[in-house]
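Notes to accompany the following structure.
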Amino acid sequence: MTSNVVGGYAQLDYALTPSLHAGAGVRVEYVGYDYDNRMLAGNTDENGVPCLPAGCLYSRPADRSDSFANAAPKLSLRWDAATDLMLYANASRGFRPPEMTELYRLQRNQSVADLDSEQVDAYEVGLKFARGDWRGELAGFDMRKDNVILRDSNGFYVSAGRTSHEGVEYSLTWQALDALSATVAGTYARHRYEFSRAIEGGETITAGNDVDTAPRDLLRAALEYRPSPTVAAEAEWLVVGDYFVDAANAHRYTGHELLNLRARWDFLPRWTLTLRVNNVLDRAYADRADFAFGNYRYFPGRPRSVFAELGWQAK
């Protein structure tokens, strides 16, 4: 198996007026795969004998070559409305070529994975400001993703998915004192399926349902204390909202909240001592949760964990 990637990028920025700037850019990429099957092709065992009665789990495709050429343009507009206020708008396209495992690590009776590159079109408008002791950002976005690669009810890889993503992102910081600042940042978004199809595992995706394992709410709140350039401490509160754990939106994970503490001391010009305590309250939570084969599955996060680090930086 060999792969080749060639890409290039161009960017142009132009000042329409002293306060209004426009930008345009494009990335072009070519990805090529040459697959050499050094075993027997087909859905058989290593001796060429069919696996009866249900067939072998994996199918070996014959030698083949695949290539994908993609272009990702971007347009942007920025307006410096005031000394402490900037407004902007972006329109862009992104892509992801199929991975080697999606093309050649096939299951059951699939002999060829005829896949396209995933593609996402994104639009964003927002503002950034800084005034006195306050600074912040607010952005709204709308994204459409096509040719999403998934396994259908036969276990075949197909480029048959479409999803939509709309929401807002925000960040606000208050410098309450010279040594004390508070920050809150997060996202509220809806991530939805825009197609209907039976997929592997006996699930059925229905257009309009939320994408499973995609929470609508993500929040970070932090309090930072920096009494001197050599000492800093931070308390961080992380919130992951509830989300559906199956494509049918019939089962849900309740989300979780975590408290983390960090401190750093530059006690000598080239020496630093760092202390971190993650999950201070020792909450039981899942890094990811889903529902499969009739049961909830949890990928547990770390319990309370303490890390100490001694750092030295060469000149």
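Could you check, for the stretch 202-219, whether at least one of its residues is crowded, with 17+ Cβ neighbours inside 10 Å, modelled with pLDDT of 95 or more and in contact with a Leu (Cβ under 7 Å, 6 or more places away or on another chain)?
no
Only one of 286, 308 is among the small types (Gly, Ala, Ser) and either in contact with a Phe, Trp or Tyr (Cβ under 6 Å, 6 or more places away or on another chain) or surrounded by 11 or more Cβ atoms within 10 Å (Cβ to Cβ) (or both); which? Even if it seems obvious, please write down each step before you answer.
Numbers: 308 fails: either in contact with a Phe, Trp or Tyr (Cβ under 6 Å, 6 or more places away or on another chain) or surrounded by 11 or more Cβ atoms within 10 Å (Cβ to Cβ) (or both).
Answer to the check: 286.
Tell me, which residue of the stretch 15-67 that is among the polar types (S, T, N, Q) and farther than 23 Å from residue 96 by Cα is surrounded by the most Cβ atoms within 10 Å (Cβ to Cβ)?
This residue is 59.
Would you tally the residues in the stretch 268-283 being of a type outside the set (Asp, Glu), assigned to a loop (DSSP other than H, G, I, E, B) and surrounded by fewer than 14 Cβ atoms within 10 Å (Cβ to Cβ)?
The qualifying residues number 4.
I'm trying to understand the selection: among the residues of the stretch 224-244, which are hydrophobic (A, V, I, L, M, F, W, C) and either at pLDDT below 95 or farther than 30 Å from residue 212 by Cα (or both)?
231, 232, 233, 235, listed by residue number.
So residue 282 clears everything in (1) at pLDDT 95 or above; (2) out of contact with any strand residue (DSSP E or B) (no Cβ under 9 Å at 6 or more places or on another chain); (3) under 30 Å from residue 198 (Cβ atoms) except one condition, right? Which one?
(3)
Go through (1) at positive phi; (2) loosely packed, with under 15 Cβ neighbours inside 10 Å one by one and return the number of the condition residue 178 breaks.
Of (1) at positive phi; (2) loosely packed, with under 15 Cβ neighbours inside 10 Å, only one is false for residue 178: (1).
Based on this model, can you work out whether residue 290 counts as within 24 Å of residue 199 (Cβ to Cβ) and outside any strand (DSSP E or B)? Explain how you work it out, then say what you get.
Working: within 24 Å of residue 199 (Cβ to Cβ): yes; outside any strand (DSSP E or B): no.
It is false that residue 290 is within 24 Å of residue 199 (Cβ to Cβ) and outside any strand (DSSP E or B).
Can you run down the residue pairs with Cβ atoms below 7 Å, 6 or more apart or on separate chains, where the first is in the stretch 144-159 and touching a residue at least 12 places away in the same chain (Cβ under 8 Å) and within 15 Å of residue 102 (Cβ to Cβ) and the partner is hydrophobic (A, V, I, L, M, F, W, C) and assigned to a loop (DSSP other than H, G, I, E, B)?
149/115; 157/113; 157/115; 159/115
Is it the case that the stretch 118-128 has a residue that's of a type in the set (A, V, I, L, M, F, W, C), buried (at least 16 other Cβ atoms within 10 Å of the Cβ) and modelled with pLDDT of 95 or more? Explain how you work it out, then say what you get.
Keep residues of the stretch 118-128 that are of a type in the set (A, V, I, L, M, F, W, C), which gives 120, 122, 125, 127.
Next, only the ones that are buried (at least 16 other Cβ atoms within 10 Å of the Cβ) stay: 120, 122.
Pick out the ones that are also modelled with pLDDT of 95 or more and you get 120, 122.
Among the residues of the stretch 118-128, at least one is of a type in the set (A, V, I, L, M, F, W, C), buried (at least 16 other Cβ atoms within 10 Å of the Cβ) and modelled with pLDDT of 95 or more, which makes the answer yes.
Kindly provide the set of residues from the stretch 79-109 that are assigned to a loop (DSSP other than H, G, I, E, B) and closer than 30 Å to residue 59 by Cβ, ordered by number.
Scanning the stretch 79-109 gives 97, 98, 99, 105, 108, 109.
Considering only residues that are charged (D, E, K, R) and in a strand (DSSP E or B), look in the stretch 1-46 and name the one that is nearest to residue 116 (Cα to Cα).
Out of the qualifying residues, it is 29.
From the list 236, 309, which one is among the acidic types (Asp, Glu) and within 30 Å of residue 189 (Cβ to Cβ)? Talk me through it step by step, then tell me what you get.
Values: 309 fails: within 30 Å of residue 189 (Cβ to Cβ).
The conditions single out 236.
So that you can scan it fast, the table gives a plain yes or no per residue for (1) among the polar types (S, T, N, Q); (2) in a strand (DSSP E or B):
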{"residue": "65", "(1), (2)": "yes, yes"}
{"residue": "74", "(1), (2)": "no, yes"}
{"residue": "77", "(1), (2)": "no, yes"}
{"residue": "111", "(1), (2)": "yes, no"}
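Any idea which of (1) free of Cβ contacts under 8 Å to residues at least 12 places away in the same chain; (2) small (Gly, Ala, Ser); (3) surrounded by 14 or more Cβ atoms within 10 Å (Cβ to Cβ) is the one residue 132 doesn't satisfy?
The single condition residue 132 does not satisfy is (3).
Against the conditions (1) hydroxyl-bearing (Ser, Thr, Tyr); (2) within 30 Å of the chain's Cα centre (by Cα); (3) within 30 Å of residue 135 (Cα to Cα), where does residue 33 fall short? Just the number, please.
For residue 33, the exception is condition (3).
Quick one: is residue 230 in contact with a Phe, Trp or Tyr (Cβ under 7 Å, 6 or more places away or on another chain) and either surrounded by fewer than 17 Cβ atoms within 10 Å (Cβ to Cβ) or of a type in the set (Gly, Ala, Ser) (or both)?
When the stated conditions are applied, residue 230 passes them.
Considering every residue within the stretch 246-266, establish whether at least one is within 25 Å of residue 215 (Cα to Cα) and over 26 Å from the mean Cα position of the chain (by Cα).
No: the stretch 246-266 contains no residue that is within 25 Å of residue 215 (Cα to Cα) and over 26 Å from the mean Cα position of the chain (by Cα).
The values are calculated or read from the model by the stated rules, or taken from the named source; none is laboratory data. On a predicted model such as this, the values are computed, not experimentally measured, just so you know. Positions of Cβ are backbone-derived with ideal geometry, glycine not excepted, and every protein chain shown enters the neighbour counts.
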